[in-house]
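> Could you have a look at this structure, given as structure tokens, before my questions?
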Amino acid sequence: MPTIDIFEAPEDAAERAARLIAEAVRAKPTIVLGLATGETMRPVYAALVADHRRNATSWRGVTVFNLDDYVGLPADHPASFSRFMRETLFDHIDIASERCWMPDGMAPDLAQEARAYEARIAAAGGIDLQLLGIGSNGHIAFNEPGSDFAGRTRVVALAQETRAAAALAFAEDDDVPRYGLTLGIGTILQARRIVLVATGAGKARAVAKAFGAPADVACPASALQAHADVTVLLDAAAAAGLAPG
Ligand code: GLP
């Protein structure tokens, strides 16, 4: 079962995630990281940028594979995950741009892009450390409820709840893309180590289903129960639905 650490404040959970990642980068300067987007990750990346400035942790040899992106959204669109990564992290550290990989949701052949993305991860030696958030419906990356726990990188239809949560970043609700290109749960489970961060009361139900109940495809994050090295970092609000102890 995952190791679960509960912090009073969301900033403390984010700080811990950043510390685990920075320590991993220092221990293995050529590490392959799997990174995530979402509001939960802003303070994590802010803490990593602060660590880069304060401790001069170098990202020069690091390779990053992001989990997912929208289908059909240009990389410079304000809501694209590619832009999120540049603005919150990549532009502020010394990572080489040719080692920052995002699934390309604009690729003309998405099935081919999905296969190529998997092949690139394999060629890089696999993901050493995967950072994850969780959707309020229990999704990880864009693997929505019902996703196969052995699934690979592919195009998925986004759940209504996921589109509603994303709507703020778009001018009109209807502009939210209907499809995403995402790493599969099976791909995610191949990472050697996984760190999941969840903060806020809006995640309490998903966290309780993921880690406080038997694994079930209705909650994609519950697939992580089968992985040997998962650390779950929560604030008190997100942990509220878990039994004490
Ligand atoms: C999106 C991303 C997920 C992320 C989730 C939660 O759906 N595809 O990777 O975990 O949002 O985001 P937030 O941290 O904004 O709640």
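> Determine the dipole magnitude for the chain: charges of +1 sit on the beta-carbon of Lys and Arg, -1 on that of Asp and Glu, nothing else is charged, the reference point is the Cα centre, and the result goes in debye to the nearest 20.
Dipole size: approximately 680 debye.
> Taking the dipole about the Cα centre of the chain, with the C-beta of Lys and Arg at +1 and of Asp and Glu at -1, give me whichever of S222, L110, S147 is farthest to the positive side.
With unit charges placed on the Cβ atoms, the residue in question is S222.
> Still on this structure, please answer the following. What is the set of long-range amide H partners of L196 at a cut-off below 5 Å, with H atoms built 1.01 Å from backbone N?
L132, T231, V232, L233
> So which residue, out of L181, L110, L189, gets the largest mean-square fluctuation from a GNM of the chain using Cα contacts under 10 Å as springs?
Ranking L181, L110, L189 by mean-square fluctuation puts L110 first.
> Let me ask another. Just need log10 I(q)/I(0) for segment 83-135 at q = 0.17 Å⁻¹, Debye formula, equal scatterers on the alpha-carbon atoms, no solvent, rounded to two decimals.
-0.72
> If the chain between E23 and R60 were fully stretched, how many nm would it gain, using 0.36 nm times the residue separation less the Cα-Cα distance?
Length gained, E23 through R60: 11.8 nm.
> May I ask for the equivalent-ellipsoid semi-axes of the chain, computed as the square root of five times each C-alpha gyration tensor eigenvalue and listed largest first in whole Å?
Equivalent ellipsoid semi-axes, largest first: 23, 23, 18 Å.
> Distance in nm between label sites at A201 and E39, each 7 Å beyond Cα in the beta-carbon direction?
1.3
> Mind listing the long-range amide H neighbours of A237? Cut-off is under 5 Å, sequence gap 5 or more, other chains count too, H placed in the peptide plane at 1.01 Å from N.
Placed amide hydrogens put G200 under 5 Å from A237.
> Using just the helices of the chain, give the 222 nm mean residue ellipticity in deg cm²/dmol: DSSP H runs with n ≥ 4 each add -39,500 (n - 2.57), and the total is spread over all residues, rounded to 500.
After summing the helix terms and dividing by residue count, I get -9000 deg cm²/dmol.
> I've got another one for you. Relative contact order of the chain: what whole-number percent is it, with Cα pairs under 8 angstrom and at least 6 residues apart?
26
> With θ set to phi - 60°, apply the Karplus curve 6.51 cos²θ - 1.76 cosθ + 1.60 along segment 146-155 and write out the HN-Hα couplings as whole Hz, x wherever there is a Gly or Pro.
Result, rounded to whole Hz: x, 5, 5, 5, 9, x, 10, 4, 6, 7.
> Taking N as the number of residues in segment 143-213, what is its alpha-carbon radius of gyration divided by 2.2 N^0.38 Å?
With N residues counted in segment 143-213, Rg over 2.2 N^0.38 Å equals 1.26.
> Using the Cα centre as the reference, give the magnitude of the dipole from point charges on the C-beta atoms of segment 1-110 (Lys, Arg: +1; Asp, Glu: -1; all else neutral), rounded to the nearest 20 debye.
It works out to roughly 460 debye.
> Have a look at the DSSP beta bridges in the chain and tell me what percent are antiparallel, nearest 5.
So the antiparallel bridges in the chain amount to around 25 percent.
No lab work stands behind these numbers, since they all come straight from the coordinates. Since the model is a prediction, treat every value here as computed from it, not as a measurement. Neighbour counts are summed over all protein chains in view; Cβ atoms, including those assigned to glycine, are modelled from backbone coordinates with ideal geometry.
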